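Since every read-out is calculated from the coordinates, none of them should be taken as a lab result. Computed from a predicted structure; not experimentally measured. Neighbour counts run over all protein chains shown; Cβ positions are idealised from the backbone, glycine included.
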Amino acid sequence: MSASKIAYKPVGLLLGAASGIIATTAFKQAWKIIEGHDDAPDALDEDRSWRQILLAAAVQGAIFSVVRAAVDRSGAVATRRMTGIWPG
């Protein structure tokens, strides 16, 4: 493993945590718009329909994937600008 990859590890961990926080906030806002509820259903939520549970899971997965990709890519671009080396 190269030195640049090792040096990028802590940055990647911080970006991963940040992307989780951003994605959680975005999902909560999206769910309010989609269903009008403040809380998204859990898979074991007896009072919610299959439709709501599966829709929530799909939306949450999509949002988390997009946010994670955007944050990871932004971190890699910033690292290359600062160091001249792509961290991947």
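A few remarks follow.
- Surrounding net charge for ASP45, when Lys and Arg each add one and Asp and Glu each subtract one, Cβ distance under 13 Å: -3
- Under 17 Å from a label point set 7 Å out along the Cα-to-Cβ vector of LYS9, the amide N atoms of the stretch 54-88 belong to 87-88.
- Calculated mean residue ellipticity at 222 nm for the chain: -28000 deg cm²/dmol, from DSSP H runs with n ≥ 4 weighted as -39500 (n - 2.57), summed, divided by the residue count and rounded to 500.
- Backbone HN-Hα couplings from phi across the stretch 41-50 [Karplus 6.51/-1.76/1.60, Hz, Gly and Pro as x]: x, 9, 4, 9, 6, 5, 8, 10, 7, 4
- For the chain, the longest principal axis of the alpha carbon atoms and the long axis of helix 3-35 meet at an angle near 20°.
- For ASP42, ASP72, ASP47, order by how many other beta-carbon atoms lie within 10 Å, fewest first: ASP47, ASP42, ASP72
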